[in-house]
Amino acid sequence: MLNPENGPQDFEDIDLTFLDDDPAAYAAAEGFLLIGSDGWTETRQRLLEAALRAQPRPVVVGNPDIVAPREAGLSREPGYFAHRLADAAGIAPVFLGKPFAEIFMLALTKIAPRLAPERILMVGDTLHTDILGGRQMGFATALVTAHGALVGLDPAEAIRRSGIVPDFVIGSIGSTTRRA
């Protein structure tokens, strides 16, 4: 699941087929990688569900987001479609992205294998992915509010409603508030 216009150069080393509306491609696949939902349709979702019901195969979700803020509102992201697959086809997708631990473990092994988790600062603009993922790994966390998901919203209210509390809130350069 990825629009071919948005990144095939990142996958040159693997044999891949972009899923469109041809049922044969779904039947022939050894597994499925869900990365981006741009261009994904209900027809394609039904084809994928049917293919997995007929023959269960691995489903790896490289972007576990359920929704994402866009100019016109919230978009449905690969995590949303993966949860639908789990319900419709009885499969268990593997989620590789924030807030799931596997993506953080991969980063640690590549960047800082001997660094203690409490010496790492996870900086992000989303409470439910960046901050939640960092906290579950034992990292310090900093929520950025001048850019991204919380622009124009009350960060204190979002924190209160979610129950996810960052160590720091950064509104803009030079305006850091310690939370914990």
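From the list ILE35, ILE66, the one residue that fits, being in the same structural domain as PHE11 (by TED's automatic domain parsing), touching a His at 6+ places or on another chain (Cβ under 8 Å) and at negative phi, is ILE66.
Within the span defined as segment 115-128, every residue fails to be closer than 30 Å to LEU153 by Cα, within 18 Å of the chain's Cα centre (by Cα) and not assigned by TED's automatic domain parsing to the domain that holds GLY163. Reported count of residues in segment 1-22, each being surrounded by 15 or more Cβ atoms within 10 Å (Cβ to Cβ) and either over 18 Å from the mean Cα position of the chain (by Cα) or farther than 22 Å from GLY90 by Cβ (or both), is 2.
Of all residues in segment 143-165, those satisfying the criterion of being farther than 11 Å from HIS128 by Cβ and in a loop (DSSP other than H, G, I, E, B) are THR145, ALA146, HIS147, GLY148, LEU150, VAL151, GLY152, LEU153, ASP154, VAL165. Of all the numbered requirements in (1) over 18 Å from the mean Cα position of the chain (by Cα); (2) surrounded by 11 or more Cβ atoms within 10 Å (Cβ to Cβ); (3) not hydroxyl-bearing (Ser, Thr, Tyr), LEU34 misses one, and that requirement is (1).
Exactly one residue among ALA140, ALA92, ALA107, ALA101 is surrounded by fewer than 20 Cβ atoms within 10 Å (Cβ to Cβ), small (Gly, Ala, Ser) and out of contact with any helix residue (DSSP H, G or I) (no Cβ under 8 Å at 6 or more places or on another chain), and that residue is ALA107. Looking at segment 1-115, the strands (runs of 3 or more DSSP E) lying wholly inside it that each contain 3 or more residues that are at pLDDT below 95 sit at 67-70, 73-76.
The values are calculated or read from the model by the stated rules, or taken from the named source; none is laboratory data. Predicted, not measured: the structure shown is a model, and the values here were computed from it. Backbone-built Cβ (ideal geometry, glycine too); neighbour counts: all protein chains shown.
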